[in-house]
1. Within the set of pairs 6 or more residues apart or between chains, which connect a residue that is touching a residue at least 24 places away in the same chain (Cβ under 8 Å) inside the range 71-84 to a residue that is part of a loop (DSSP other than H, G, I, E, B) and surrounded by 14 or more Cβ atoms within 10 Å (Cβ to Cβ) with Cβ atoms less than 7 Å apart?
2. Check whether at least one residue in the range 213-223 is surrounded by 15 or more Cβ atoms within 10 Å (Cβ to Cβ), touching a Pro at 6+ places or on another chain (Cβ under 7 Å), touching a residue at least 24 places away in the same chain (Cβ under 8 Å) and not in a helix (DSSP H, G or I), and report yes or no.
3. If GLU204 satisfies every condition in (1) without any contact (Cβ under 8 Å) to a residue 24 or more places away in the chain; (2) under 29 Å from the mean Cα position of the chain (by Cα) but one, which is the exception?
4. Tell me the residue from GLU86, GLU119 that is charged (D, E, K, R) and assigned to a loop (DSSP other than H, G, I, E, B), please.
5. Which of the residues that make up the range 74-99 are under 16 Å from the mean Cα position of the chain (by Cα) and open to solvent by 40 Å² or more (accessible area, probe 1.4 Å)?
6. Considering every residue within the range 144-156, establish whether at least one is assigned to a helix (DSSP H, G or I), open to solvent by 30 Å² or more (accessible area, probe 1.4 Å), basic (Lys, Arg) and without any contact (Cβ under 8 Å) to a residue 12 or more places away in the chain.
Amino acid sequence: MRFIALLTALLALAPVAAAETSAWTMLEKGITAFNAKKYDRAGALFEAALRRDNKCFDASFYLGQVHEKKGKDKKAVAEYGRVPKEHSLYPLAQSRLGQLHLKRGEKKEALACLKTSVEMRGNANLWMQVAGLQIELQKFEDAEKSLEAASKLVKGDFRLIETYGRLYVESKKYGKALDQYNQLAKRFKDDYTVHNMRGLCLMELGREDEAARAFERVLALYAYHKGAMRNLIRLWEDKPAREADVEELVTTLERLEKYPPKIKRVKRRS
């Protein structure tokens, strides 16, 4: 009788074990298809895995990625949202949710998701992205803490220095901002965007002659930079010795308004 009872119990458990096994098998096949960029096949396998076991949250995460690849953002949000906090893929799911919110212009929601993710897995690039959003939302103290966290993971990254520069400009700490852009100018001597930011900081600090030299450097690197032209006009308009230069800049600006130039892209190598 004991043998029969044990056999009955084992037979009852067998379908459950088989279902779990087949769910994971489908998941593995789905990941293989996903990596081969066979998204329709992968999606079908992930959905089948979830029908077998609706707690196969790995399948939810990867199904979310399939929906993203196919441009079905709402469905992707739903699948990422199914991954629970205790699951190992939760930080990655929150990161993907954050990027989707950002894509839709939902900055507060994006920040909440990305901050949750980065606090759990510590990633320098993600800390910098979080800091960038905090700067946009004028959460300056939080942004500085995020950049401090990033700086513990990377040293001397130009994106980190640039984000510090943005933070200090937006929070009107122009002396600190100038320090950051001076560092960048030493590394990227031909980057007109860096020299333009230096000029703006120097102007705010009342160091007009240095600011003018910075804007002249911008124009030497990119002759059609309208912002640098306008700032030079402001700096020189009350200087009789610069009257001819101002007239030339005004004429050039008028021409550029009629015939906008192609924007010069800057490529950096760290």
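The values are calculated or read from the model by the stated rules, or taken from the named source; none is laboratory data. The shown structure was predicted, so the numbers you read here are calculated from the model rather than taken from an experiment. Don't worry about glycine lacking a Cβ; one is built from the backbone with ideal geometry, like all the others, and counts go over all protein chains shown. Ligands, DNA and RNA are excluded from the accessible area calculation, which covers all protein heavy atoms including side chains. Shrake-Rupley method; radii C 1.70, N 1.55, O 1.52, S 1.80 Å.
1. Listed pairs, sorted by first residue: VAL83/LEU89.
2. No, there is no match, as no residue in the range 213-223 is surrounded by 15 or more Cβ atoms within 10 Å (Cβ to Cβ), touching a Pro at 6+ places or on another chain (Cβ under 7 Å), touching a residue at least 24 places away in the same chain (Cβ under 8 Å) and not in a helix (DSSP H, G or I).
3. (1)
4. Working: GLU119 fails: assigned to a loop (DSSP other than H, G, I, E, B).
Only one candidate qualifies: GLU86.
5. If the condition is that a residue be under 16 Å from the mean Cα position of the chain (by Cα) and open to solvent by 40 Å² or more (accessible area, probe 1.4 Å), then LEU92, ARG96, GLN99 are the ones that fit.
6. Yes: one or more hits.
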